[in-house]
1. Please enumerate the residues belonging to the stretch 593-610 that are open to solvent by less than 10 Å² (accessible area, probe 1.4 Å) and in contact (Cβ under 8 Å) with a residue 60 or more places away in the chain.
2. Could you tell me which numbered condition residue 463 fails, if it satisfies all but one of (1) in a helix (DSSP H, G or I); (2) farther than 30 Å from residue 511 by Cα; (3) within 17 Å of the chain's Cα centre (by Cα)?
3. Is it true that some residue in the stretch 700-710 is out of contact with any Leu (no Cβ under 8 Å at 6 or more places or on another chain), open to solvent by less than 90 Å² (accessible area, probe 1.4 Å) and of a type in the set (Asp, Glu)?
4. Conditions: (1) in a helix (DSSP H, G or I); (2) touching a Lys or Arg at 6+ places or on another chain (Cβ under 7 Å); (3) in contact (Cβ under 8 Å) with a residue 60 or more places away in the chain. Residue 287 meets all but one. Number of the miss?
5. Considering only the stretch 459-489, how many residues are buried (at least 22 other Cβ atoms within 10 Å of the Cβ) and either aliphatic (A, V, I, L, M) or more than 18 Å from residue 428 (Cα to Cα) (or both)?
6. Assess whether residue 709 counts as being out of contact with any strand residue (DSSP E or B) (no Cβ under 7 Å at 6 or more places or on another chain) and without any contact (Cβ under 8 Å) to a residue 24 or more places away in the chain.
7. For the stretch 85-105, enumerate the residues that are crowded, with 17+ Cβ neighbours inside 10 Å and either more than 16 Å from residue 40 (Cα to Cα) or of a type outside the set (Val, Ile, Thr) (or both).
8. How many of the residues in the stretch 308-321 are free of Cβ contacts under 8 Å to residues at least 24 places away in the same chain and surrounded by fewer than 17 Cβ atoms within 10 Å (Cβ to Cβ)?
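The values are calculated or read from the model by the stated rules, or taken from the named source; none is laboratory data. Quantities reported herein were computed from a predicted structural model and do not represent experimental measurements. Cβ: placed from backbone, ideal geometry, glycine included. Neighbour counts: every protein chain shown. Surface accessibility is based on the protein's heavy atoms, side chains included, excluding ligands, DNA and RNA. Shrake-Rupley method; radii C 1.70, N 1.55, O 1.52, S 1.80 Å.
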Amino acid sequence: MALQAEYSLNLCLSGAGDRRLPSAVRGAFFDLLTDLWLDRQPHMQLVMPQLLRCLAERADEPPPELPLFRLELEVAPDAYSAEHLRNLPDEVKTFYRLNTFDKMEALVQAVRQLLCAGPEVEQQVHTAFDDNILMQAVLRNLGFLMRFGFVKQTTLLELLGPLLRCLDGRTDFLESLSESRAAGHAHGAGRVGDSEMSPLLPKQASRAEPDAKVAFTRDRFPPMANATRRYRDDADNKCVMASKVQMAQVLFQMVQCGVELNISNIVHKFQALVAGTAAHDAVVHEVLRLLDTPHLALAQARIRSPNIMLMDLVMYDNPDLMSSALQLLAGNSMPAFELLQTLEKASVVAPNQRDLIATLRVSVEVVGKLIYGFETWGVDDNFSSAELGNLKDAIQQCQNIRKFCNDGAEGASGTQVQRMLGQTEFFSTLEYSFKLNPQNFPRECRDTLMKLLAAICDAGSMFIRNNKENQELMMSVVPLAGTLFDEVPESALLVADVFKGNAELCHRVSESLMDEFAQLIRRERRAGKFSPWYLYFFCVVMAEGSKPVIRNQFMVKEMIKRYTAKSMLRLGKDMSGKHLLKLASTFHSEAQLWDLQPVCWNPNDGELIYYIYCLELCAGLALGRTSASLVLKPFVNSLFPISNAILLLVTTPVPNSASGFSIHRHLRTRWLRLVNLVLYDVDNNLVDSDFLTSPLHTSFFNTLLDWLVAILGLPPPHE
């Protein structure tokens, strides 16, 4: 915030647009505009293409254009204190109040002015490092402008041609024209224009196109001498290749905008068909045309064959450039495939759901504003009442998000809310939260940050739970979340929910992640704590429902052997029937058995909950009847002998419960499941005939029959 007073928006715009300044300085001003005035609150990302579509109020309305920035929530400028807020320049206060897309029009025009300067910009020079750095800064700026919805559809189409011509490496120079003429390379008479032209260029490319602002004459063609050098990923080409990678990424953003427009047009056509304002044949014809047309017309002036240009980029040694070019090539060659894939995921929301989407956006904005400006908190290690009020509000918003994802809302199920949340900046906010290093903050500020991160992770768990699309999205931030395991246990639960019920992701669990959780479990147990959130991860990754993930079962087994069961589990002689009954008599944490929440943790119930999760871990290890069970089931029996489980089942009484839930019944269910998996659900080679015919098992089996008679309400055998 201190920088916004030193480098005002007007100053940065003047520096970025002043051609008298060196290119490197102008690039620095563009970077300042991006980081200081563009990529900040209250600007929020607009995800495109949008998968949740709102119908127009009337079918005869014109097709919608690209979604643009609009401030949903009035926010106060960031400030250290009330006094600092009062002393902010009027320019800053006005910046926050502007709530439409044209607030950044001056910056859009600065970008447009540079990119539309003709061949001078469109033909990059590999050795012009400062110019290429400027280009990178401008492209980064343009990417954020499009991301936040500040670029109109007409401006986007106007920038498409210059960007494509700039991306075209066939017209690049390895060195500037003056350097090339001065050297007089021995491939011709010394003039660049007299040299042999690249066969990759169109034959009539020397003639100026009708819509070209600057003639593209023969003198602008690069020489053929050392032409293949432009493909190399070396020191001379690294800067220009980095700018071309950014160009390709910006063009891909534009293509996604084209997909957004095509989907809007298709939805609009079908809405008109349903309303009776359009003929059936006309709608079908228009939809087929959209499916068969590239999302954006990449065939522009001097780019008659965009696929050839993209294939040329594929030959560059830079892997990022090659993959970006292939991505553009696939989208341009098979537009119907991408459009149909997106249409399959898209859905139309009801009018009442539109209000829910707006509510979710506001909740995410509140949390985002707080987390993005957290470094301004506690400058003097003191917090004002307003700041603490903001913290409470953000935590409440996280709780609302969690509740909506779990229970749903009016007119929308929990799964639908998860999809709606995916169309906001919630994931970006979560990812940014993981990048904050708590050690960089004072102790008072760090504790407050931990509370906020815990609330965000808690909401994130519900955002991904049982949702494979969101789980895949969150998989990319698992390494970042690992930095918070020590201080924010909710981050460990979030990572566990990434894999829960997802066999594909479970097979991607790394041994290093397993070892990290094993060390955390051992650390907590050595400290005398019963923290089940780390153990919960092991329980989750060993199975998808009733299907075991064998590789993970063996990894968990190896971790227990490596760090010993005594230092990780709680299944020994200390957990006798008498001790369990004592713990159960004072148990009041039923909700924690179904949904672990450290913020609601009752340490008095921790030992019993930990014991239950140890039983769940044993059950996960014993699951399955594959050849792996020949090793795993005996291992489980060594951890928790089945004879102990049967003794506990037979000797532990079940008090009557006034409520529907009974912790005693819950324990017996876990013991019974373990007995079934280890003793009965086994391969013929593992059947323990001696134990099955023992007096203990015979007594247990008779007791089991008595339970069945009582549960089913059957008459006694003598009747």
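1. Passing the criteria: 606, 609, 610.
2. Against the list (1) in a helix (DSSP H, G or I); (2) farther than 30 Å from residue 511 by Cα; (3) within 17 Å of the chain's Cα centre (by Cα), residue 463 comes up short only on (2).
3. Looking through the stretch 700-710, none of the residues is out of contact with any Leu (no Cβ under 8 Å at 6 or more places or on another chain), open to solvent by less than 90 Å² (accessible area, probe 1.4 Å) and of a type in the set (Asp, Glu).
4. Of the numbered conditions (1) in a helix (DSSP H, G or I); (2) touching a Lys or Arg at 6+ places or on another chain (Cβ under 7 Å); (3) in contact (Cβ under 8 Å) with a residue 60 or more places away in the chain, the odd one out for residue 287 is (3).
5. The number of residues fulfilling the criteria is 8.
6. Criteria met by residue 709.
7. Scanning the stretch 85-105 gives 88, 95, 96, 101, 103, 104.
8. Of the residues in that region, 3 qualify.
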